[in-house]
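What follows is calculated from the coordinates using simple rules that are stated; it is not laboratory data. Predicted, not measured: the structure shown is a model, and the values here were computed from it. With ideal geometry, Cβ positions are generated from the backbone for all residues, glycine too; neighbour counts draw on all protein chains shown.
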Amino acid sequence: MIKEECGVFGIFDNDGFDCARLTYSGLFALQHRGQESCGIAVNNNREIKLYKNIGLVNEVFHSEQLDKLPGNMAIGHVRYSTTGETGVINAQPLVTHYIKGHLAMAHNGNLINTEELKLALMKKGAIFQTTSDTEVMLHVIAHERMKTGRVETALAQMMKIVKGSYSLIMMSPQKLIACRDPKGMRPLCLGKLNNSYVIASESCALDTVRAEFVRDIEPGEIIVIDKDGLRSIKDNCGEKSHVCVFEYIYFARSDSIIDGMSVYEARKNCGRILAETNPVVNADLVMGVPDSGIDAAIGYAEASGIPYGKGLVVNRYVGRTFIQPTQAQRATAVRLKINVLKDSVKGKKVVMVDDSIVRGTTSSKLVDMLREAGATEVHMRISSPPFIWPCFFGTDIPSRDQLLACKHSVEEIRQMIGADSLAFLPPERLRDIVPNIDGEFCQGCFSGKYPYEVEF
């Protein structure tokens, strides 16, 4: 299974809100983007206070912690590690103190020139406390801040130095600052709550705190919010957008809108395209693999005229990192999380829609479970093209030697997972899932063509 990235949330308060608790709610809405650790930093005009730890949002934060985080600004982060080790030291936000004061940063994305920059900084005497690329960004900003009177100017200069994907939120003593990388690879949006401003990775977090969605932050844009209001800096704008296509296929929550497109509708479009390009004749039931396969399955059913139904039930209380010490327990891990509705599939020709196949182990187990429950045929449809290249920008896609589609044809994969038929979303139809997109997708994991030059 492909793992999530990270989520960021921030608020600049002009109305007397409890910033820490609003940030807690925003992070709760973004929990799907990262379950390893979380943190909240608040600014009370004198100092930045930070609390972070390993665990889910509701595990890490309780009323007593939130009571100790008063302030008129806050930023928060939920993390799944793509660069750096798992552990509380790499949990975000990161807070740094330097000659110009203090800064806090929360970051979603992944840089591709981290090691090069880190080595150059260490040769100048920089000391690193984490293995995160976020700390590298903070060092670059601190270095550039010595040459200019404003932190946002230093940030704009940093954006010309670092390469990769990032949507980030920062706090200085007086400002809340956010930016999106010049290619717009990771989402970031702006909201308004009465007279206060909210920034989040996805619009679903704005909905949770009852903030009005204002707009997506543009690729390369810097947003600065202080006591005088909001202003935009677009010195780094102008490049063609390359938002990660997997935001629409898998990462984002269905109720989010990214760059003007409903994620739910994009996923239904995936299903419609699959029904058009790879129909199953005389099937009885279309079902989705929870959760991101469900919307595509609905689209497939609508386009094909085959009834949509629920065929799998998820146990949402299975731990994030279930320990599987023996082969027998590893083999039953899928069954601990997912069970089949036997009466729904028994005696039926089933179309099962999922978002991806990485190693194929989960898919084969699901096919076996459906057959054991009495399904007469199982046809698998995948709402993305086959993975044949790694990701360098924050998606946890394994190396090529672990990608099933690198070694096997579609027919070979079909035989390996035991399905009666198997089809993927055609790569040439990816743009059709978001027909009004202004720019391109980053789809390097499918094509090997990346927005930046990368070294394998």
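Taking the DSSP bridge list for the chain and keeping only pairs wholly inside it, about 80 percent are antiparallel. With a simple spin-label model that places each label point 7 Å from the Cα along the Cα-to-Cβ direction, the separation between residue 315 and residue 416 comes to 2.7 nm.
Give me the tail of P(r) for the range 252-292 as a percent: Cα-Cα pairs with distance above 13 Å. Let's see the in-between values first.
Values: 504 of 820 pairs.
Percentage above 13 Å: 61.
Using the Karplus relation 6.51 cos²θ - 1.76 cosθ + 1.60 with θ = phi - 60°, the per-residue 3J(HN,Hα) values for the range 287-302 come to 9, x, 7, x, 9, 6, x, 5, 5, 5, 5, 4, x, 5, 5, 4 Hz, with x marking Gly and Pro. Reported to the nearest whole Å, the Cα centre-to-centre distance from the range 420-447 to the range 134-148 is 37. One decimal place: the segment residue 122-residue 428 gains 105.7 nm when fully extended, by the rule 0.36 nm per residue minus the C-alpha distance.
Each peptide in 367-377, 199-209, 61-71 receives the mean, over its residues, of other Cβ atoms within 10 Å, and ordering these scores from highest gives 199-209, 367-377, 61-71. Remark on residue 258: its backbone amide H falls under 5 Å from those of 263, a criterion applied only to residues 5 or more positions apart or on other chains, H modelled at 1.01 Å from N. Couplings 3J(HN,Hα) for the range 38-49, derived from phi with the Karplus relation 6.51 cos²θ - 1.76 cosθ + 1.60 (θ = phi - 60°), are 7, x, 9, 10, 10, 10, 10, 6, 10, 7, 9, 9 Hz, where x marks Gly and Pro. 3J(HN,Hα) along the range 216-231, derived from phi through the Karplus expression 6.51 cos²θ - 1.76 cosθ + 1.60 where θ = phi - 60°, amounts to 6, 6, 6, x, x, 7, 10, 10, 10, 10, 8, 5, 8, x, 10, 9 Hz, with x in place of Gly and Pro.
Under unit Cβ charges (Lys, Arg +1; Asp, Glu -1), what dipole magnitude, rounded to 20 debye, does the range 7-239 have relative to its Cα centre?
Numbers: 26 positive and 26 negative charges, 122 e Å.
Once rounded to the nearest 20, the dipole reads 580 debye.
In the chain the Cα-Cα distances spread across 20 Å bins starting at 0 as 25, 54, 20, 1 percent of all pairs. With N as its number of residues, the range 7-239 has a Cα radius of gyration that, divided by 2.2 N^0.38 Å, comes to 0.91.
If you rank 119, 366 by fewest surrounding Cβ atoms within 10 Å, what's the result?
On the way: 119 10, 366 24.
Starting with the residue having the fewest Cβ neighbours, the order is 119, 366.
Inverting the pair-averaged 1/r between distinct Cα atoms of the range 264-436 gives 16.5 Å as its Kirkwood hydrodynamic radius. Of all DSSP beta bridges confined to the range 264-436, the antiparallel ones make up roughly 15%. For the range 75-149, a/c is not less than 1.5, where a ≥ b ≥ c are the root eigenvalues of the C-alpha gyration tensor, and a/b does not top b/c. That puts it in the oblate class.
What size of dipole, in debye to the nearest 20, comes out for the chain about its Cα centre when the only charges are +1 on Lys and Arg C-beta atoms and -1 on Asp and Glu C-beta atoms?
On the way: 52 positive and 54 negative charges, 130 e Å.
My answer is approximately 620 debye.
What is the percent of Cα-Cα separations in the range 10-61 that go past 14 Å?
Numbers: 701 of 1326 pairs.
Value for the range 10-61: 53 percent of Cα pairs lie more than 14 Å apart.
Of the residues 119, 41, 220, the one whose Cα sits farthest toward the positive end of the charge dipole of the range 7-239, with +1 on the Cβ of Lys and Arg and -1 on the Cβ of Asp and Glu, is 119. Dividing the helix sum by the residues of the chain, where each DSSP H run of 4 or more adds -39500 (n - 2.57), gives a mean residue ellipticity at 222 nm of -7500 deg cm²/dmol.
The alpha-carbon of residue 123 sits under 27 angstrom from the alpha-carbons of these lysines, leaving out residues fewer than 8 places away in its chain: 100, 147, 160, 163.
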